[in-house]
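What follows draws every value from the coordinates through simple rules; no lab data is involved. Just so we're clear, the structure is a prediction, and the values are computed from it rather than from any experiment. Heads up, the Cβs are rebuilt from the backbone with ideal geometry, glycines too, and the neighbour counts pull from every protein chain shown.
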Amino acid sequence: QVQFLESGGGLVQPGGSLRLSCAASGSIFRTFVMGWYRQAPGAQRELVAHIITAGGTNYADSVRGRFTISRDNAQNTLYLQMNSLKPEDTAVYYCNRSPPLATYWGQGTQVTVSS
């Protein structure tokens, strides 16, 4: 059973940046297509970015050009670099396989964009 631990969230002003990390508990991570998801208050969880094992990426229209997903398979870690943050990016951010497995959801990390 793989576990994911998200970190790096916080409070940031509009236009600011944050880098999220997702540490996986096992090397099987490198065989997974991985995604970053977010859930804003009162909204459904949505996929914002995913990355295949070889590094190809895809993004939701709302974050394309501002967010960058990457992975370090040697460190079993997934990253999300978030630039030019907007208040509408406020949410709890999670990592999981893409498509997600219910048993792999972690606690997430809160990102709040506010002045």
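Near Phe67, the amide H atoms lying under 5 Å from its own belong to Asn83; only residues 5 or more places off or on other chains count, and H is placed 1.01 Å from N.
Think of each Lys and Arg Cβ as +1 and each Asp and Glu Cβ as -1; about the Cα centre, that makes the dipole of the chain roughly 140 debye. Derived scalar couplings between HN and Hα for segment 64-79 equal 4, x, 10, 9, 9, 9, 8, 9, 10, 5, 5, 9, 6, 9, 10, 10 Hz in order, rounded to whole Hz, by the Karplus curve 6.51 cos²θ - 1.76 cosθ + 1.60 (θ = phi - 60°), x for Gly and Pro.
For the chain, modelled as a GNM whose springs connect Cα atoms under 10 angstrom apart, the maximal fluctuation among Gln44, Gln75, Gln13 occurs at Gln44. Spin-label model, Leu47/Ser115: points 7 Å from Cα along the beta carbon direction are separated by 3.5 nm.
Put simply, the amide H of Val48, placed in the peptide plane, has neighbours under 5 Å in Trp36, Tyr37, Arg38, leaving out anything fewer than 5 places away on its chain. Mind checking the full-extension length gain between Gln39 and Asn83? Use 0.36 nm per residue of separation minus the Cα-Cα distance, one decimal, nm. The Gln39-Asn83 span can extend by a further 14.0 nm.
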